[in-house]
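The values are calculated or read from the model by the stated rules, or taken from the named source; none is laboratory data. Fair warning: this is a prediction, and the values are worked out from it, not measured in the lab. Note that we place each Cβ from the backbone using ideal geometry, even for glycine, and neighbour counts take in every protein chain shown. Heads up: the accessible areas ignore ligands, DNA and RNA and are worked out on the full protein's heavy atoms, side chains in. Shrake-Rupley method; radii C 1.70, N 1.55, O 1.52, S 1.80 Å.
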Amino acid sequence: MKRNILHLLCLVCGLWMMNACKHAPEFAVTGIVAGADGQTMYLENIGISSAVILDSAKLNSSGKFEFKQPRPEYPDFYRLRLNDQLINFAIDSTETISFIADAGTFATSYSVEGSENSTDIRAITLAQLDANEEIKRIRKEYESGLISDTTYQLNALNAINTYKEVALKYIYTKPMSTPAYFALFQKIDGLLFFDLYDKSDSRAYGAVATSFNHLYPESPRAKHLYNLALQSLKVLRSNRTIDVDKITTQEIDFLDIDLPNLKGEKIKLSEAAKDKIVILNFTAYQTEWSLALNQILNTLYTDLHDKGLEIYQVSLDSDAHLWKNIASDLPWICVQDPQSVYSQTAALYNVRQLPTVFILNQQGILTKRIEEINTLEKDIRAMF
């Protein structure tokens with residue numbers, strides 16, 4: 001009798017758990033992709049630093065698909081991937097989003113229903129793709145000698161600003177929305193359109209960070225964005241008169257670098273910067289301005305190294321032999337990123353042009369981005 005009752009209880013519990021799972025809050029992604037017979041499409045969750053595959057579907061001649069996943073605890077970002085083409089979208093709750101696309105133009109000519117935020121993300125994505133295509137076009141003209149350096153830089157800046165005009169509509173009108181967050185983190189050539197250390201762009205980060213921190217204070221995305229906005233403000237405020245020694249290290253993470261020196265030994269910026277004022281310089285020795293810059297650095301290093309100055313110089317030269325020949329004559333820390341112009345380290349610091357120079361204080365906090373090299377000596381000596 002007891003055994004029968006026990007079996008009955010187990011059966012009831014099992015049915016209850018199955019029913020609970022069946023009714024767990026979910027979102028759904030459905031749609032049709034024409035011309036993709038036999039191809040596999042993936043549903044991926046886009047994390048802060050990486051994407052994770054959640055599900056996949058092999059499409060048949062009808063092109064129909066459906067994915068269901070547990071709703072996220074906080075608004076989050078997802079994408080559909082077909083080969084190397086992507087459709088980005090956001091999920092806020094338990095909505096059902098429908099897409100209609102063609103395999104050949106999957107990333108650019110799709111339609112979306114069931115999510116206003118995802119419709120806005122589509123507009124932002126298209127603006128980002130347009131900017132990237134324009135940059136590629138003018139780069140080819142520049143490399144072919146058809147346009148000058150000045151024209152290339154001006155046209156590239158115009159392409160970036162065209163994207164920003166689209167993005168800012170969502171950032172300032174709906175700063176609490178997923179499209180606003182999405183717009184901030186779009187990239188061109190691996191670098192963010194919105195520069196953390198630009199005064200105008202910093203306001204955009206601040207607007208979205210404040211809204212997300214208010215609505216979703218425990219969200220990992222909100223915390224990450226808020227820390228970035230704090231870092232941006234601190235660097236920009238350091239261009240005015242502030243006591244950098246009062247800045248604590250608890251609010252932001254240290255953006256560390258770990259690259260090989262001439263001997264092939266990896267040197268961490270965090271270790272080199274310990275208890276020192278550090279000049280962090282992204283450079284390329286093959287450029288015409290490199291010699292003049294190194295002369296300025298050499299003067300500062302000679303005068304102030306014994307007082308606590310260190311220089312951590314990151315070369316983005318593609319020619320390792322050239323780098324080694326020049327670096328061997330320099331007294332400070334010289335490392336090279338073999339990824340050259342595709343450097344993830346440079347992207348981490350949002351380096352848009354060379355040379356780029358940052359100053360870190362004795363606590364290892366990035367306190368200033370030097371906009372004009374001719375002010376570097378004055379700024380460094382002021383810290384001593």
R139 - accessible surface, heavy atoms, 1.4 Å probe, Å² rounded to 10: 60
Please list 3J(HN,Hα) in residue order for region 307-317, calculated via the Karplus relation 6.51 cos²θ - 1.76 cosθ + 1.60 where θ = phi - 60°; whole Hz, with x for glycine and proline. 8, x, 9, 10, 10, 10, 10, 9, 8, 10, 5
Counting only backbone N atoms under 18 Å from a point 7 Å out along Cα-to-Cβ of T302, the residues of region 318-332 in range are 327-332
Antiparallel %, DSSP beta bridges [both residues in the chain], to 5: 70
Taking T150, T94, T367 and ranking on accessible area (1.4 Å, protein atoms only), highest first, one gets T150, T94, T367
Label of the coordinate-derived value, Kirkwood radius over Cα pairs in Å, listed as [x] 22.8; [y] 24.0; [z] 21.9: [y]
Inter-label distance for S62 and A24, nm, one decimal - labels placed 7 Å from Cα along Cα-to-Cβ: 2.7
What distance in nm lies between label points placed 7 Å from Cα along the C-beta direction at H224 and D55? 2.3
Accessible area per residue for region 80-200 in Å², computed with a 1.4 Å probe and the full protein assembly in place, what is it? 48
Chain lengthening between A34 and E371 when straightened (0.36 nm per residue, less Cα-Cα): 116.3 nm
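Per DSSP H run of n ≥ 4, the term is -39500 (n - 2.57); total these for the chain, divide by its residue number, and report the mean residue ellipticity at 222 nm rounded to 500 deg cm²/dmol.
Values: 11 runs with 156 residues, N = 384.
Rounded to the nearest 500, the figure is -13000 deg cm²/dmol.
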With a 1.4 Å probe and all protein chains left in place, how much of the accessible area of the chain comes from carbon and sulfur atoms, in whole percent? 52
Largest first, how would F185, F99 line up by accessible area (1.4 Å probe)? F185, F99
Compute the acute angle (0 to 90°) between the alpha-carbon long axis of helix 220-237 and the principal axis of greatest extent of the alpha-carbon atoms of the chain; round to the nearest 10°. 20
So how far apart, in nm, are the two label points at E113 and Q363 if each is 7 Å from Cα heading toward Cβ? 5.5
